[in-house]
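The values are calculated or read from the model by the stated rules, or taken from the named source; none is laboratory data. Computed from a prediction, not measured in an experiment: that's the story for all the values here. Cβ sites come from the backbone with ideal geometry, for glycine too, and all protein chains shown count toward neighbours. Quick note on the areas: whole protein, heavy atoms, side chains included, nothing else; ligands and nucleic acids left out. Shrake-Rupley method; radii C 1.70, N 1.55, O 1.52, S 1.80 Å.
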Amino acid sequence: MTAVKTKKRKVSKKNKKAWRKHVDTRDVDKFLEDLRLEERLGSFTTREDSELFKVSTTPEVLPKKLRRELLKSKEPQCFNILKPHTAIPDPIVKRNRVRTKEERTNALVLRKEAIRKSRGILKLKEKLSLKNRMIAMKKRLSKPKRGEFKNDVWKKKIGKDVDIEWLSGDTIRHTLIHFGEKKKKLPSSLHKKPSALPAVEAPHPGMSYNPSFEDHQNLLHEVAQKELELIKEEKHLERVTTKMFKKISPEEKEKNMIKEMSEGLKLDCSQDSKENEDEDEDPTVKSINPPVQNVKKTLVQRRKQKEQKELAFKKQQNKIEKKKISDIYRLKLLDRQLTAKERKTKSVREKRLKKKALKAMGTKTLSRIKFEPLEPDFKLAKELTGNLRNAEPTGNLLKDRFKSLQQRNIVAPSKLKLNRDIAKVKRFIKPDHKIDMTKIQ
């Protein structure tokens, strides 16, 4: 198929805009692209085959060490952007360049500075920079390597110049910061144990495989008492919940509901209407609280009031003075009262300390679930074997240790949850998906 030649339109090329619009410059762009490619890669027509191609009979594999040295000596690829990307020379041969500070400085000034530094005369800024450089170097050398632990930070002694006999801990730390030292503060959790209970408690002597008769009976008695308490609690709950309500028939329940709902309603409307009419007939209105006239006090009343106040104040002062005199004769009684008060305070303090000690032995509330201790393992007299070979294992060691951690406030009490909570999804049919069966029939 031959290409269809279209007739060129005659258009105006009066100005630059029209010239750019209607002149085809693709052939010029193509020629310039080829020219640039030749400048970058060089002309292939003038080169020989030996320059373009190389015949290799054996693969050249350099050792790893030599390859690394070649890579080090090779110029980085990042500097390629600074090099000229074309072989066309720069039209501006001489360009202005900003000289460095050293180049701009006069030769006499540079010589003078060199003489000053050689004599050891330094400026304040140079002295500070030298000092900081030395401190940084010392710090870098004294810094331990990773995984190296030579010094114990907790046993580090405080500086000798600081008198710590009458200073508090916070004041010592604040003072040592200015001496270039810091005192480490132990975490509060390391000062005391979470519980005063021992890690492993000795079991009851009656739990032994060959216990004495008294120990075994004491253990059985304790277990029986706990069971009786549980039975008593269950009976109490049943009495105050289930047995507290009566069983009635549905008819009687409905009657009671109607009776309760009709309480307070006025059934006889005729009498109420008559009473309201009688009340409305009386046109007079009487106020509950009549207005009070503001009557001012006379001068005589004010004078007497002032005299009464002064007299009451004098009586109170006389009473205080009499009490002071009487207290002198009550010194023995006051001494006895103070002794009794101190005795009472001491007993209260002792009780509080005992209560605190008991509280330290107890279990704290760490979660919403209350701690429940394990039931003691026991065997009846028939189940006792008397030797360890025939004794059957009782209890679970893992469960016992886990309960011990809960009791000593190390682990919060929790419950074993086997079933996962699944959200209840409400399912329904969309209105446009519903099918009306009556229309189909």
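In the set (1) surrounded by 10 or more Cβ atoms within 10 Å (Cβ to Cβ); (2) modelled with pLDDT under 90; (3) closer than 30 Å to L176 by Cα; (4) not polar (S, T, N, Q), the condition left unmet by A87 is number (3). State yes or no: is T345 hydroxyl-bearing (S, T, Y) and under 30 Å from Q225 (Cα atoms)? No; evaluated as a whole, the condition is false for this residue. Listed by first and then second residue, the pairs with beta-carbon distance under 9 Å, at least 6 apart or on different chains, first residue in region 229-255 and not assigned by the TED database to the domain that holds E375, second surrounded by 10 or more Cβ atoms within 10 Å (Cβ to Cβ), are I248/N256.
Please work out if R97 is in a helix (DSSP H, G or I) and open to solvent by 90 Å² or more (accessible area, probe 1.4 Å). So R97 fails the test. The residues in region 328-384 that are charged (D, E, K, R) and either over 30 Å from M207 (Cβ atoms) or open to solvent by less than 90 Å² (accessible area, probe 1.4 Å) (or both) can be counted, and the count is 18. When N419 is tested against (1) open to solvent by 60 Å² or more (accessible area, probe 1.4 Å); (2) at pLDDT 90 or above; (3) not hydroxyl-bearing (S, T, Y), only condition (2) is not met. Starting from region 361-377, keep only residues that are under 18 Å from P198 (Cα atoms), then list their pairs with residues that are aromatic (F, W, Y) whose Cβ atoms are within a distance under 7 Å, requiring at least 6 positions of separation or different chains. Hits for this filter: T363/F371. Residues of region 105-120 that are β-branched (V, I, T) and part of a helix (DSSP H, G or I): V109, I115. Every listed requirement among (1) touching a residue at least 60 places away in the same chain (Cβ under 8 Å); (2) touching a Leu at 6+ places or on another chain (Cβ under 9 Å); (3) not β-branched (V, I, T) is met by L219 save one, (2).
Conditions (1) of a type in the set (D, E); (2) loosely packed, with under 10 Cβ neighbours inside 10 Å, marked per residue:
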position	(1), (2)
R47	no, no
V55	no, yes
T58	no, yes
E69	yes, no
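The rows are residues; the columns are (1) under 27 Å from E372 (Cβ atoms); (2) in a loop (DSSP other than H, G, I, E, B); (3) touching a residue at least 60 places away in the same chain (Cβ under 8 Å).
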| position | (1), (2), (3) |
| --- | --- |
| E392 | yes, yes, no |
| G395 | yes, yes, no |
| K399 | yes, no, no |
| S404 | yes, no, yes |
| N409 | yes, yes, yes |
| P413 | yes, yes, no |
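Give region 228-238 a look and list any residue that's closer than 17 Å to L374 by Cβ and open to solvent by 90 Å² or more (accessible area, probe 1.4 Å), or say none. Spell out the reasoning first.
Of region 228-238, the ones closer than 17 Å to L374 by Cβ are 229-230.
The answer is E229, and nothing else.
Got at least one residue in region 1-11 being open to solvent by less than 100 Å² (accessible area, probe 1.4 Å) and in contact (Cβ under 8 Å) with a residue 24 or more places away in the chain? Looking for residues that are open to solvent by less than 100 Å² (accessible area, probe 1.4 Å) and in contact (Cβ under 8 Å) with a residue 24 or more places away in the chain, one finds none in region 1-11, hence no.
Residue by residue, here is whether (1) modelled with pLDDT of 90 or more; (2) exposed (fewer than 13 other Cβ atoms within 10 Å of the Cβ) holds:
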site	(1), (2)
G169	no, yes
R173	no, no
L176	no, no
K182	no, yes
S188	no, yes
A196	no, no
M207	yes, no
H216	yes, no
